[in-house]
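Here the structure comes first, spelled out in structure tokens, and everything after it is commentary.
Every read-out reported here was derived from the displayed coordinates using simple, explicitly stated rules and does not represent laboratory data. Model, not experiment: these values are computed from the prediction. A quick note on method: Cβ atoms are made from the backbone with ideal geometry, for glycine too, and the neighbour counts reach across all protein chains shown.
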2 protein chains.
Amino acid sequence: MGTTQLESVPEPKYWHLRTVLSEALDSEFSVGEILPNERDLAARFGVARATLRQALEQLELEGRLQRRRGVGTTVAPPRVGVAVGTEQHAWPGAAGDVWQTADCDLAVPAASVADALESGRDEPVHTVHRSRVTHGQPVAAELLYIPQSSVPDLSGIDAPSGAARARAVLRELHRLELEGQDSAVELGSARADDAKALDRLPGAPVLVVTTRYIAAGRTAALSVATYRADTCRLTFGDSGGVEIHEDPQRRAS
Amino acid sequence: MGTTQLESVPEPKYWHLRTVLSEALDSEFSVGEILPNERDLAARFGVARATLRQALEQLELEGRLQRRRGVGTTVAPPRVGVAVGTEQHAWPGAAGDVWQTADCDLAVPAASVADALESGRDEPVHTVHRSRVTHGQPVAAELLYIPQSSVPDLSGIDAPSGAARARAVLRELHRLELEGQDSAVELGSARADDAKALDRLPGAPVLVVTTRYIAAGRTAALSVATYRADTCRLTFGDSGGVEIHEDPQRRAS
């Protein structure tokens with residue numbers, strides 16, 4: 001890594017430093033390697049630590065670096081493609097579903113969730129907690145909201161909570177005919193519980209996929225799935241289609 | 001907005017502050033309103049400015065706040081749903097395409113783009129620049145890479161560059177039979193040229209949608225589209241399907 005002084009560059013310093021660092025990552029570092037500490041890096045490039053941190057944050061956003069508590073900043077492996085599969089319409093928990101069911105409770109959801117479900121704002125809904133693991137790493141956490149009106153014949157006797165209860169709720173849900181579903185992806189920041197499930201700090205950038213499942217002309221279930229933005233790219237499209245193995249942005253800038 | 005001292009709270013201070021601020025945004029501020037300056041806010045909540053900035057950054061990631069040069073920090077309107085439409089397979093520039101064609105050049109792309117196109121690493125490809133505007137705001141910028149082998153009959157005589165050239169390239173591309181396409185969404189940071197097109201600062205978080213168009217068993221075109229992550233949610237799914245008007249994460253945390 002060179003010792004270029006960045007004083008004379010007209011573009012924002014951190015942005016130029018990001019580019020210099022990005023090139024150094026390509027040429028001098030390998031995946032998993034730990035970067036020198038911030039003080040050494042800042043000294044080497046002749047920048048303030050605040051500038052260095054801005055550049056490191058950029059590279060973290062782009063998936064080039066990972067910052068891990070107790071380890072430091074390491075060179076990130078390429079992001080893993082995680083199929084979101086909006087094309088095949090299927091109920092959560094149907095055959096072939098990749099999510100693991102962890103828990104279930106009955107609680108009044110956030111007002112916005114109640115509105116999306118068109119349930120009353122003080123009406124408790126079944127909330128199924130699920131997680132998704134790829135290559136041994138947790139990649140996503142999901143809250144699946146199912147109003148009681150979608151599963152009217154559910155009995156409370158056998159399993160009042162837990163994974164068995166979650167499976168019973170999903171089984172009841174599958175009695176409805178799925179008419180359609182739509183999804184949206186947006187940027188969010190990890191809430192405390194999601195952060196824990198995903199092995200991240202609260203506030204870490206995440207990709208939030210919201211899916212609405214339609215039956216009998218209304219929203220029968222609502223899924224809010226939080227994916228790690230640092231390690232995941234969400235893939236859509238033809239089943240068995242080609243996979244873009246490398247991030248085209250990676251060396252394009 | 002209260003003056004709660006945050007000293008005694010066990011969770012990270014900025015995270016607690018984010019929650020307090022988020023509630024204040026709901027109850028005391030309206031969309032477009034300018035927040036008090038950082039010094040005043042920090043004093044009011046009894047936190048260091050670095051802590052305040054972290055909290056503001058979180059709320060910006062979540063789409064609650066917008067920071068604009070020369071204006072300050074304002075309360076953001078709800079994100080706009082932008083249909084990405086991976087379900088309907090169509091060539092870029094086909095009837096009904098929402099993108100506006102701006103320019104075209106012939107250049108050697110980044111190595112990763114060349115690899116995805118399976119073109120040679122020093123082979124120039126047609127690069128069509130397009131933009132997407134929703135409700136009068138720029139929401140996305142696209143680079144569409146088309147190898148010369150996909151448009152072999154293109155003549156260079158009439159329009160060597162510019163929008164006319166771009167249209168000629170797309171017209172030639174449409175001669176191929178589109179066999180399929182797949183897409184991926186991931187988090188990125190705006191490059192300088194994208195940032196300018198999107199009215200953002202370089203490094204702003206963006207959602208990068210990469211789409212591969214397949215013809216004759218190979219990648220005939222590759223689109224790298226950069227969406228503003230602050231103002232957009234990308235929607236997928238049934239045409240004419242329901243729309244989730246409010247961010248279910250917004251008040252869920």
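Here are a few things to note about the model shown:
- Directionally averaged shadow of chain A, computed from the convex hull of its alpha-carbon atoms, nm²: 16.2 nm²
- Each residue of region A:50-65 is assigned a 3J(HN,Hα), and the resulting list reads 4, 5, 4, 4, 4, 5, 5, 4, 4, 5, 5, 4, 7, x, 7, 10 Hz, derived from the Karplus form 6.51 cos²θ - 1.76 cosθ + 1.60 (θ = phi - 60°), x at Gly and Pro.
- Averaged over peptide B:124-136, the number of partner chain Cβ atoms lying within 10 Å of each residue's Cβ comes to 0.
- Whether region A:64-149 is rounded, prolate or oblate, judged on the alpha carbon gyration tensor where a/c under 1.5 counts as rounded: prolate
- Shape call, region A:128-228: gyration tensor on alpha carbons, a/c limit 1.5: oblate
- Neighbour-count order for B:THR73, A:THR101, A:THR226, A:THR134, fewest beta carbons within 10 angstrom listed first: A:THR134, B:THR73, A:THR101, A:THR226
- Each copy carries A:LEU201; placing its label point 7 Å along the C-beta direction from Cα gives inter-copy distances of 1.9 nm, listed from smallest up.
- Take every Cα pair under 8 Å whose residues are at least 6 apart in sequence, average their separation, divide by the length of chain B, and the relative contact order is 19 percent.
- Shape class of the protein assembly as shown from the Cα gyration tensor (axes a ≥ b ≥ c, square roots of the eigenvalues): oblate, since a/c reaches 1.5 or more and a/b does not exceed b/c.
- Once the Cα atoms are used to define both axes, helix B:13-28 deviates from the longest principal axis of chain B by about 90 degrees.
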